[in-house]
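Everything on this sheet refers to the single structure shown next.
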Number of protein chains: 4
Amino acid sequence: MAGPISRAQNGPPWRGQLYNILFETDTRSGRVFDVVLMVAILASVLVVMLDSVESIMLRHGLLLLAAEWVFTVLFTLEYAGRLASVESKRRYALSFFGIVDLLAIIPTYLSLLLPGTRFLVIIRVLRVLRVFRVLKLVRYLGEARTLARAMAASRYRIIVFLITVLTMVVILGSFMYLIEGPDAGFTSIPVSVYWAVVTLTTVGFGDITPNTPVGQLLAVIIMLLGYGMIAVPTGIVSVEMVYAARAAGRTGVVPPGTAGDMVCSSCRAAEHDPDARFCKTCGGTVIEIMLE
Amino acid sequence: MAGPISRAQNGPPWRGQLYNILFETDTRSGRVFDVVLMVAILASVLVVMLDSVESIMLRHGLLLLAAEWVFTVLFTLEYAGRLASVESKRRYALSFFGIVDLLAIIPTYLSLLLPGTRFLVIIRVLRVLRVFRVLKLVRYLGEARTLARAMAASRYRIIVFLITVLTMVVILGSFMYLIEGPDAGFTSIPVSVYWAVVTLTTVGFGDITPNTPVGQLLAVIIMLLGYGMIAVPTGIVSVEMVYAARAAGRTGVVPPGTAGDMVCSSCRAAEHDPDARFCKTCGGTVIEIMLE
Amino acid sequence: MAGPISRAQNGPPWRGQLYNILFETDTRSGRVFDVVLMVAILASVLVVMLDSVESIMLRHGLLLLAAEWVFTVLFTLEYAGRLASVESKRRYALSFFGIVDLLAIIPTYLSLLLPGTRFLVIIRVLRVLRVFRVLKLVRYLGEARTLARAMAASRYRIIVFLITVLTMVVILGSFMYLIEGPDAGFTSIPVSVYWAVVTLTTVGFGDITPNTPVGQLLAVIIMLLGYGMIAVPTGIVSVEMVYAARAAGRTGVVPPGTAGDMVCSSCRAAEHDPDARFCKTCGGTVIEIMLE
Amino acid sequence: MAGPISRAQNGPPWRGQLYNILFETDTRSGRVFDVVLMVAILASVLVVMLDSVESIMLRHGLLLLAAEWVFTVLFTLEYAGRLASVESKRRYALSFFGIVDLLAIIPTYLSLLLPGTRFLVIIRVLRVLRVFRVLKLVRYLGEARTLARAMAASRYRIIVFLITVLTMVVILGSFMYLIEGPDAGFTSIPVSVYWAVVTLTTVGFGDITPNTPVGQLLAVIIMLLGYGMIAVPTGIVSVEMVYAARAAGRTGVVPPGTAGDMVCSSCRAAEHDPDARFCKTCGGTVIEIMLE
């Protein structure tokens, strides 16, 4: 639906400068803004969190309210600036980060109209997602992409694994419900399935535990299953990560060079033959620089 | 014993059409049926689970009973349809899914004869296995096969690992029984072995915990063992998964090309023989481009 | 000290036959004996375990005592037979399994002299180690050897990892002792270090938990460390397992063939060139059959 | 800032001999000193730990105090010796181990001036870091370097992973705070985020557990996420470890050969150039055979 968000092409020159500061990361002012924004995001999330601690709320409630409004005003100015500096306001407003940016400021204004609405706290906490807006622009992007690609490539296997796990906990949980019964805390099948998940994932809260020998024996089997089965997602992701790392050139950082150069992705040595596949010096993958 | 389940060869044409809907997945009606069946299976399992929650049972018991009968009648019709549309009724009835299909409907009828039989709930829950009937027919099959092959290839190593773990928990559990004794909850060797499994698998319920310094020291050793030993099944499965993925042809990144081309999935070299399986240049998997 | 245990060379022929039954696995009688021995070992360990359950002991004490003596007599006869059928009695008696075999029978005789000696239970439980005597002779040996080689090859890395973990829990445990103090259960540094191990290894008993915000923050850091650091032993063992699998020919089962043959370790295809390294058909490792 | 710590070039010959003992590991006296130092470090840390156990403190307080002073005097002499035997006293004093060496002795002297200062215990415990001083000099260094390199190479991915995990626990913890509320122990967002970390990392203390069906459902999702996501750091580190092991030359199986030969560690081909790093035939690591 929404295409790429691009710089406003016409209008006064400050719109382009504003775009550089707000959206770009390769200028000095853009980088300074990123650091300021990161600090503001983290501080504003901290305010939301501390706001929920009763003892702090009672003592410093006014201070937290003031900080909340300062951040809201700042984020509102930022949102207005982003709206003003992009080519298509609609595209930005409907993009993922456009919505997150809006959600970061709306709850505080809404709290004037609907005081005491407790569920607004969740929307306020969603601000933490804005951290990825800053990260999106920097070096972490390449790494995140490699991780995301590895996860995406193994999604069918992960779904198969998840369905198998869910089937197992439903059956094993029902068995425990029959064996242990309400006296030991296994009050219903859903609760017993919850317990089976707690046990199979090796979390082990201990709020519900088997008391009978047969229940403990079944628990032992579930625990050993969970202990061994963790190898499956790990194996899936490891395999994909090896392929993703190989495909990306293993350091995830594209070495510098001009189009057509054969450069080692690991040690960045550049004098390789046109048909070289592995670096003469370090054995890393040789990749051909291409124009993006 | 039972061979493959195949379409009825003679009889009226509706038998073939019924087979297509119930067993095949490459027709529109077959795919629609799969979705409907999946929803019905999940809903019927949900009914069984909610049925065990006392508060829901008391308020909506009649509704749940009605839903249970609706699903049972539907599954009975489905079972009759499957029986009617296959070539060999005996083969289908004795196949794994034939038995699961039957177990999905029997408990409800039995509950008329044997009211209040609590253990029927387990058989009713086994319906969840029917989820795999739907999955069996679709794209997840290939992934499940890769996973299953990786598990099967490493079965001897997993058995060796399991025997080692069981030997360890028996010996370590007995030591804890001697060190801690009944006062700390280690009332017998079987219970202490149960605790050793809880600890070694890093589940850690906390229903039984060591109190003495020596017991805590031994617990520390067991925990570190469990933390480190989880690497063993993970390593086993990872290795097998690398081999299984290599053997299955990696589909993570499909190389470009036209239908019929033999292209390396790793280096994208294209000039391979029609029967080539591995790339001449880089050893990667050669795959044949197919139209989706 | 002790060399290989070999068949008695002289004496009456029954000594050789006895050796075949007790030590060999490639004869029918040897295999039958292995199965009988395995059942006897597991049953005798079960007797020791049930013996410690007070309710069972009170009701079936006499039965368990009788079973214990039956197994002890059987194992004594077996030990005598092994002693009689080997070339060097001293070598066998001082070998690992010779000592385990002896420890399996001594405690019961000692219990006549020293009734009520509770620590004998541990020696009796050590019988479970005899399971490996049976396994030693069969197909699992190759797999166990691959696992053991992978562990041995990575022992220095595992030691470095273990020292790092121990250093961390000592320092982090001491911090928690200062932060939380005796009121929250952190009564001393050793107990706090025990808690740090419980937390870092993701066991999480919950017998001791932080109450203060600073303590919970440090606990969060320890938990994230433990969650991430588990990747280290896993990575170490995975790497070694890949190498061990490669070195062993990946299936762990040496394919049949005569010396000098080039055989695929995976699909067992045999018509490879003398310089082939990877199988033409399946891409598996081609190995040269050598005389052991 | 501080360059390498080197032997004092001038002055009486005992300074060079002292340097050999204190800093070198390839002389007999240096190795003996390492063992003595390791024992002293571990014993002194044990004294600090036992000192915090009230029952031991009450009974053996004087003995522990005496031991503490003995170790402090020994470590003071060692520190003076190190200062005397190095070329640049300033470089040593400001190096990491120089500071750790100083921190090992200061607290005991400070305790004379500031009796009862409880936080000195942490500085005393930091002595345990001196263990790495001894390890630094021996064979474990190479392994530690491989591990450290693998961790360093994957630091950006680990940071991306950590930020994702922290974002998730903040959002999921806030949801749990809304769903469960103070009655179930979720008294504030920070506490709920702490619970989310406890659950996602599969630690599962059980000090706070969800009571409502919706809360348990969300807990199930968090647990399955944590169970599956552990594959991500494991995959990251495994991949890097494969590369690090490849780059470092695998020493698992040393190929046969005479000193000076360049032999492939994987296929054992021997005819490599003196500057070859990777095998011409199989791409394995070429290593030079050295006399041990």
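Among residues of segment D:28-40 that are under 19 Å from D:Ile105 (Cα atoms), those with a Cβ under 9 angstrom from a residue that is at pLDDT 85 or above and open to solvent by 70 Å² or more (accessible area, probe 1.4 Å), sequence gap 6+ or separate chain, pair up as D:Ala40/D:Leu74. Filtered by the rule that a residue be open to solvent by 70 Å² or more (accessible area, probe 1.4 Å) and touching an Asp or Glu at 6+ places or on another chain (Cβ under 7 Å), segment C:8-48 gives a lone residue, C:Gln9.
So that you can scan it fast, the table gives a plain yes or no per residue for (1) out of contact with any helix residue (DSSP H, G or I) (no Cβ under 6 Å at 6 or more places or on another chain); (2) charged (D, E, K, R):
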| site | (1), (2) |
| --- | --- |
| B:Ser44 | no, no |
| B:Leu63 | yes, no |
| B:Phe75 | yes, no |
| B:Leu83 | no, no |
| B:Arg90 | yes, yes |
| B:Leu102 | yes, no |
| B:Pro107 | no, no |
| B:Pro115 | yes, no |
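Among the residues of segment D:17-58, those identified as within 17 Å of C:Ile189 (Cα to Cα) and charged (D, E, K, R) are D:Asp51, D:Glu54. In the set (1) at negative phi; (2) crowded, with 19+ Cβ neighbours inside 10 Å; (3) at the interface with chain C (Cβ under 9 Å from one of its Cβ atoms), the condition left unmet by D:Ser192 is number (3). Please determine, by comparing only the residues of segment C:132-154 that are over 17 Å from B:Thr234 (Cβ atoms) and of a type in the set (Val, Ile, Thr), which one is modelled with the lowest pLDDT. The extreme case among them is C:Val138.
Looking at the structure I just gave you, is B:Leu83 open to solvent by 80 Å² or more (accessible area, probe 1.4 Å), among the aliphatic types (A, V, I, L, M) and farther than 21 Å from A:Val170 by Cβ? Judged against the criteria, B:Leu83 is not a match.
Among the residues of segment D:32-50, not a single one is acidic (Asp, Glu) and assigned to a loop (DSSP other than H, G, I, E, B). Any chance segment D:10-28 includes a residue that's within 22 Å of the chain's Cα centre (by Cα) and modelled with pLDDT of 90 or more? Scanning segment D:10-28, I find no residue that is within 22 Å of the chain's Cα centre (by Cα) and modelled with pLDDT of 90 or more, so the answer is no. Is at least one residue of segment D:60-78 over 20 Å from D:Val131 (Cβ atoms), open to solvent by 60 Å² or more (accessible area, probe 1.4 Å) and within 14 Å of chain C (Cβ to nearest Cβ)? Taking every residue of segment D:60-78 in turn, at least one turns out to be over 20 Å from D:Val131 (Cβ atoms), open to solvent by 60 Å² or more (accessible area, probe 1.4 Å) and within 14 Å of chain C (Cβ to nearest Cβ).
Being in contact with a helix residue (DSSP H, G or I) (Cβ under 8 Å, 6 or more places away or on another chain) and within 14 Å of chain D (Cβ to nearest Cβ) holds for only one residue in C:Ser111, C:Ser154, and it is C:Ser154. Tallying residues that are within 16 Å of D:Gly226 (Cβ to Cβ), β-branched (Val, Ile, Thr), touching a helix residue (DSSP H, G or I) at 6+ places or on another chain (Cβ under 6 Å) and surrounded by 23 or more Cβ atoms within 10 Å (Cβ to Cβ) within segment C:215-233 yields 1. Scanning segment C:178-189 for residues that are open to solvent by less than 30 Å² (accessible area, probe 1.4 Å) and assigned to a helix (DSSP H, G or I), we see that the one that is nearest to the other protein chains (Cβ to nearest Cβ) is C:Ile189. Selection within segment D:86-128: residues that are touching a residue at least 12 places away in the same chain (Cβ under 8 Å) and polar (S, T, N, Q). The member of this set that is surrounded by the most Cβ atoms within 10 Å (Cβ to Cβ) is D:Thr108. Of all residue pairs spaced 6 or more apart or on separate chains, those with beta-carbon atoms under 8 Å, a first member in segment D:195-208 that is free of Cβ contacts under 8 Å to residues at least 12 places away in the same chain and more than 8 Å from chain A (Cβ to nearest Cβ) and a second member that is open to solvent by less than 10 Å² (accessible area, probe 1.4 Å) and of a type outside the set (Ser, Thr, Tyr) are D:Val198/C:Gly204; D:Val198/C:Ala219; D:Val198/C:Met223; D:Val198/D:Gly204; D:Val198/D:Phe205. May I ask you to verify whether B:Ser238 is modelled with pLDDT under 95, buried (at least 22 other Cβ atoms within 10 Å of the Cβ), farther than 29 Å from C:Pro190 by Cα and within 7 Å of chain C (Cβ to nearest Cβ)? Here the answer is yes, as B:Ser238 does meet what is asked. Per the listing B:Thr199, B:Thr167, B:Thr209, the residue uniquely of a type outside the set (A, V, I, L, M, F, W, C) and either outside any helix (DSSP H, G or I) or open to solvent by 40 Å² or more (accessible area, probe 1.4 Å) (or both) is B:Thr209. Against the numbered list (1) within 7 Å of another protein chain (Cβ to nearest Cβ); (2) open to solvent by 50 Å² or more (accessible area, probe 1.4 Å), A:Ala148 comes up short only at (1). Return only the number of the condition from (1) at pLDDT 90 or above; (2) open to solvent by 30 Å² or more (accessible area, probe 1.4 Å) that D:Ile158 does not satisfy. Of (1) at pLDDT 90 or above; (2) open to solvent by 30 Å² or more (accessible area, probe 1.4 Å), only one is false for D:Ile158: (1).
Testing C:Arg250 on (1) at pLDDT below 80; (2) assigned to a helix (DSSP H, G or I); (3) facing another protein chain (nearest Cβ under 7 Å); (4) open to solvent by 10 Å² or more (accessible area, probe 1.4 Å), one condition comes back false. Which one is that? The single condition C:Arg250 does not satisfy is (2).
The values are calculated or read from the model by the stated rules, or taken from the named source; none is laboratory data. Fair warning: this is a prediction, and the values are worked out from it, not measured in the lab. A quick note on method: Cβ atoms are made from the backbone with ideal geometry, for glycine too, and the neighbour counts reach across all protein chains shown. Surface areas here come from the heavy atoms of the whole protein model, side chains and all, with no ligands, DNA or RNA. Shrake-Rupley method; radii C 1.70, N 1.55, O 1.52, S 1.80 Å.
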